[in-house]
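Accompanying notes for the structure given below.
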Amino acid sequence: MKIASSVICFIGLLAGSTAFIVPNTQAAPEDNDSQPQIGRDALLESRVDTLIGMPSSDSPAYSADGSALFYVSSRDGRSRLYRHRLSDGTERPVLSSWQPPAPAVTASRNGNRLIFLADSGGDELAQVYTADINGTSAKQVTSTAITRDPPKEAIGLPDALFYSARKPDAAHAVIMRLSLGETSEEARVYEDSGLGFLADVSADGSYALFLRFLSYQSARLVLVDLKDGTAKLRYPMHGEATIRAAAFSREGDRILLTTDGGSEQASVIALDTASGQPLGRFDETTPRTATGEQLVVSPDGKQLAIVFNAGDRQFIRLLDAISLKQAAEVELPLGAGRIGEYSPDGKQLAVTWRTPAHQSSVYLVDTRSGSATRLTSPEIPDAPAPALLTSIETLTSQDGLRFPVIVTRPDTNGRHPVIVDFHGGPAGSASIGWSLSASLANAYDIAYVQPNIRGSGGFGRAFEASDDGARRRDSFKDIDALVDWLRRQPWVDPDRLIVKGSSYGGYLVAQQLAEHPQRWRAGIDQFGIVDLISFMGTTTGLVRKNYLREIGDPQTDHARLVDLSPINKIEAMRTPLFIYAGANDPRVPRAQSDMLASHLQAKGVPVEYMLAPNEGHGAELPSTQRELAVRSMRFILNVLDQPSPGQPLPQH
């Protein structure tokens, strides 16, 4: 097995920021001056192909005997599932006939099948599939068109799968049991009073943990008896608390969960399964406001692995499952990612990790020492490339609130155009790590800025709630402070700022162009919201439930939602705008993008609209990613070629 480690060196602290030079391990696109015969469009396509074709790997899952890892890898612009033999590093593609994107799989505990979910064109109506362990054939084993969450196996029931499911517009969720055999049978074993997710199933398949979702900041953990369909509340017994992950101990007598307990303290808590009484607690301290996003129990039940989200970065803790004391310090580089699985013997933990220097990569963590090594193969080489200057800046808003901003910019002199990219959610977060968009922007001497304005997740309960409801416009003041800060930086060309965002971030693009059109030279709106009233009536039940708290109720808060909807200020919009949407998006239906594009086109505002026919809430297909990257960057470059408003045309 050939494994390479990755190290990021800090070069010092700047005032209000953490900065470091990051060696960009992606192959450097050739400079424009070195290829005068190639037109700009051809060079752009070449640069995008280079970046999209760089190797990445994610969603690792062990074979039942621990001899191999299955993972999804993107190479040469293709997304495929691979089987990597750990003894010598050799690998081969599996499910070769599957149309991209490749699915993330798990291997059944009895070792005879692969299990995965797949939808149709991003519609999120996922079906369950199984394949033989060699991945030579796949079979769809469900048929009803509903949204299904990733299946879970009970150790003692190798031919049964359990998962939560719901109709897209439903107000409640169910737990399904799928019996696998010559003919597969799907049966409902529990129906909850609200929406939520199956967190875990006991080893014998008798009990389940269900996370009832109220909002990003409020959930209820319910213990479900799968034999008779009854449920008992286990946490919190009073008040509100964030709960993102929960699992049974191996014996099933304890419940382990991540929570903030309704406070600013991130914790891992152990409860007695039968009574719900607390048995133990681990409090995170670096920082205490982080959110426990994922919790996995080792196969022998002796250890826990937890992913904590600290907003602009993530980290993993390994805890003793009984004492809840730290078992080892995990030595992953600065970045973000997710846990895949423990190896069957518990000696290793496979994780996906993204750093400023690498796309998503599989790392293997030694669970005794905490050391982490990056999994590579002869087909996944590292290539040298120019350095990028990356920093985490801390800004202060008008009311004194401090918020972080990730900056990636060319390590060259002079003033640069800047792309400001807002994350979705609203309670998502921008974490430091490799970005195709940032790398492509830097290839054209454009800086890339990712703000975590108030309302972003991972910075504490109060920070996340500080833009809820009537306080929505407070978050816009953070954008004001960001723009003021950018205009003062010696590396920024203040007349060439571009605003970009996806989902809720796309909403912020439209909001900025409607209320501050003079700030921005161009906008990139990816599946964003423009009319909150119609959006709330057409989005999925889960999204609507969260937005009722975060944004407001169309009935009781109608005037606020009208005021916040950019479509009602369309007459003020004049900034050139690139719009992208997936035709099958159930969360932000394409009607939002259609509405914005048609109104702006009618006004004569420069608009380019890319509607992807086989995509949902994002861009999953490599072909779509390529087209989106090429078209959106070409749009930006063409706009930047034009003089700023009020400036004379260039003389020829």
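The residue that is farthest from Ala510 (Cα to Cα), counting only those in segment 556-582 that are small (Gly, Ala, Ser) and either surrounded by fewer than 17 Cβ atoms within 10 Å (Cβ to Cβ) or without any contact (Cβ under 8 Å) to a residue 12 or more places away in the chain (or both), is Ala559. Residue pairs whose Cβ atoms lie under 8 Å apart, sitting 6 or more positions apart in sequence or on different chains, and linking a residue in segment 454-482 that is over 18 Å from Tyr507 (Cα atoms) to a partner that is of a type in the set (Val, Ile, Thr), are Gly458/Thr289; Gly458/Thr291; Phe459/Thr289; Gly460/Thr289; Arg461/Thr242; Arg461/Thr289; Phe463/Thr289; Ala481/Thr396. The lone criterion from (1) out of contact with any Leu (no Cβ under 9 Å at 6 or more places or on another chain); (2) in contact (Cβ under 8 Å) with a residue 60 or more places away in the chain left unmet by Arg188 is number (2). For segment 287-306, name all the residues that are under 22 Å from the mean Cα position of the chain (by Cα) and crowded, with 17+ Cβ neighbours inside 10 Å. Selection gives Thr289, Ala290, Thr291, Gly292, Glu293, Gln294, Leu295, Val296, Ala305, Ile306. The criterion of at least 2 residues that are within 21 Å of Arg354 (Cα to Cα), open to solvent by 20 Å² or more (accessible area, probe 1.4 Å) and in contact with a strand residue (DSSP E or B) (Cβ under 9 Å, 6 or more places away or on another chain) is met by the following helices (runs of 4 or more DSSP H) wholly inside segment 413-527: 436-443.
For Pro101, are the conditions met, namely being in contact with an Asp or Glu (Cβ under 7 Å, 6 or more places away or on another chain) and closer than 22 Å to Arg587 by Cα? So Pro101 fits the description; yes. Restrict the check to segment 375-393 and report whether at least one residue is at pLDDT 95 or above, under 22 Å from Tyr62 (Cα atoms) and either open to solvent by less than 30 Å² (accessible area, probe 1.4 Å) or in a loop (DSSP other than H, G, I, E, B) (or both). No - not one qualifying residue is present in segment 375-393.
Entry remark, segment 175-200: residues being part of a strand (DSSP E or B) and open to solvent by 10 Å² or more (accessible area, probe 1.4 Å) number 14 in total.
For segment 182-209, which residues satisfy the criterion of being within 20 Å of Gly292 (Cβ to Cβ) and within 22 Å of the chain's Cα centre (by Cα)? Within segment 182-209, Gly196, Phe197, Leu198, Ala199, Asp200 meet the criteria.
Take Thr142 and tell me if it is open to solvent by 20 Å² or more (accessible area, probe 1.4 Å), within 30 Å of Glu191 (Cβ to Cβ) and among the β-branched types (Val, Ile, Thr). So Thr142 fails the test. Against the numbered list (1) in contact (Cβ under 8 Å) with a residue 24 or more places away in the chain; (2) in contact with a Leu (Cβ under 9 Å, 6 or more places away or on another chain); (3) open to solvent by 30 Å² or more (accessible area, probe 1.4 Å), Ala372 comes up short only at (3).
So, Met536, is that one open to solvent by less than 10 Å² (accessible area, probe 1.4 Å), part of a helix (DSSP H, G or I) and either touching a Lys or Arg at 6+ places or on another chain (Cβ under 8 Å) or basic (Lys, Arg) (or both) or not? So Met536 passes the test. The lone criterion from (1) in contact with an Asp or Glu (Cβ under 8 Å, 6 or more places away or on another chain); (2) of a type outside the set (Lys, Arg); (3) at pLDDT 95 or above left unmet by Ile432 is number (3).
Does segment 90-108 include one or more residues that are among the basic types (Lys, Arg) and either crowded, with 21+ Cβ neighbours inside 10 Å or more than 23 Å from Leu178 (Cα to Cα) (or both)? Spell out how you get there, then give the answer.
Our first condition is that a residue be among the basic types (Lys, Arg); within segment 90-108, this holds for 92.
Next, only the ones that are either crowded, with 21+ Cβ neighbours inside 10 Å or more than 23 Å from Leu178 (Cα to Cα) (or both) stay: 92.
Yes, the conditions are met somewhere in segment 90-108.
Selection within segment 212-225: residues that are open to solvent by 20 Å² or more (accessible area, probe 1.4 Å) and either hydrophobic (A, V, I, L, M, F, W, C) or modelled with pLDDT of 95 or more (or both). The member of this set that is farthest from Gly292 (Cα to Cα) is Asp225. When you look at Gly400, is it crowded, with 21+ Cβ neighbours inside 10 Å and not in a strand (DSSP E or B), yes or no? So Gly400 does not fit the description; no. Can you name the residue in segment 52-85 that is open to solvent by less than 10 Å² (accessible area, probe 1.4 Å) and more than 15 Å from Gln348 (Cβ to Cβ) and, of all such residues, is farthest from the chain's Cα centre (by Cα)? My answer is Leu81.
Screening the candidates Leu621, Leu611, Leu600 for the property of being surrounded by 18 or more Cβ atoms within 10 Å (Cβ to Cβ) and modelled with pLDDT of 95 or more yields one hit, Leu600. Inclusion of Ala165 among residues that are among the hydrophobic types (A, V, I, L, M, F, W, C), within 27 Å of Gly616 (Cβ to Cβ) and surrounded by fewer than 16 Cβ atoms within 10 Å (Cβ to Cβ) is not warranted. Being hydroxyl-bearing (Ser, Thr, Tyr), more than 27 Å from Ala438 (Cβ to Cβ) and assigned to a loop (DSSP other than H, G, I, E, B): is that true of Thr575 here? No. Here Arg368 fulfils each of the conditions (1) in a loop (DSSP other than H, G, I, E, B); (2) closer than 29 Å to Glu464 by Cβ apart from (2).
Just one of the numbered conditions (1) touching a strand residue (DSSP E or B) at 6+ places or on another chain (Cβ under 7 Å); (2) without any contact (Cβ under 8 Å) to a residue 24 or more places away in the chain is not true of Asp553; which one? All conditions pass for Asp553, except number (1).
What tally of residues in segment 262-286 results from selecting those that are open to solvent by less than 30 Å² (accessible area, probe 1.4 Å) and in contact (Cβ under 8 Å) with a residue 60 or more places away in the chain? The number of residues fulfilling the criteria is 1.
The values are calculated or read from the model by the stated rules, or taken from the named source; none is laboratory data. Remember, predicted model here, so these are calculated numbers, not experimental data. For neighbour counting, all protein chains shown are included, and Cβ atoms are generated from backbone atoms with ideal geometry for every residue, glycine included. For the accessible areas, the whole protein counts, side chains as well, though only heavy atoms, and no ligand, DNA or RNA atoms are used. Shrake-Rupley method; radii C 1.70, N 1.55, O 1.52, S 1.80 Å.
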